[in-house]
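Below you'll find the structure, written out as structure tokens, and then a few comments.
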Amino acid sequence: MAEKTLFQKIADREIPADIVYEDDQCIAFRDINPQAPTHLLIVPRRPIPTLDDITEEDAPLIGHLFVVARRLAAQEGIAGGYRTVFNCGAAAGQSVFHLHLHLLGGRPMQWPPG
Ligand code: 5GP
């Protein structure tokens, strides 16, 4: 069996994290190195490595991650002013190769992100 990803270990409670939400498809927890007052990672339970690996069958799952992001933004008090990001590949800054949606908010955001 393939070795578990860092985020699978968090989902399985082998590594501690501040988990704020979970359901049968995904888990969400606070980023260990937050880049904004709210910085959550919304992670599918299935260890898809990058956005390049998704298929048409994953469309409902990807949509679900955004619905969870919207709910968590409301819960965090940042509805109407937040950013969601998938970094795809090392060149885009991806460092954990288990797909995750960043939810950032609570401060003014700049564009372009750099
Ligand atoms: P990426 O750079 O792959 O888009 O995002 C990975 C994120 O995972 C980073 O923002 C990083 O701070 C976060 N991260 C890395 N290791 C851990 C960890 O052990 N626990 C938590 N909660 N976040 C982590």
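Derivation of every value follows stated rules applied to the coordinates shown; laboratory data play no part. Keep in mind the model is a prediction, meaning the values are calculated, not measured. Every residue, glycine as well, gets a Cβ built from its backbone with ideal geometry; the counts of neighbours run over all protein chains shown.
Numbers for the structure displayed
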item	result
Vicinal HN-Hα couplings computed from phi for segment 54-61 (Karplus, 6.51 cos²θ - 1.76 cosθ + 1.60; Hz; Gly/Pro x)	7, 10, 4, 5, 8, 4, x, 5
The chain, relative contact order in percent, only Cα pairs under 8 angstrom and at least six apart counted	29 percent
Residues GLU76, GLU57, GLU22, GLU14 arranged by fewest to most Cβ contacts within 10 Å	GLU57, GLU14, GLU22, GLU76
Order of MET109, MET1 - criterion: other Cβ atoms within 10 Å of each residue's Cβ, fewest first	MET1, MET109
Sorted peptide list for 86-98, 30-42, criterion being average Cβ within 10 angstrom, highest first	30-42, 86-98
Residues VAL67, VAL20, VAL43, sorted so that the one with the fewest Cβ neighbours within 10 Å comes first	VAL67, VAL20, VAL43
All Cα pairs of segment 1-87, percent lying beyond 22 Å	26 percent
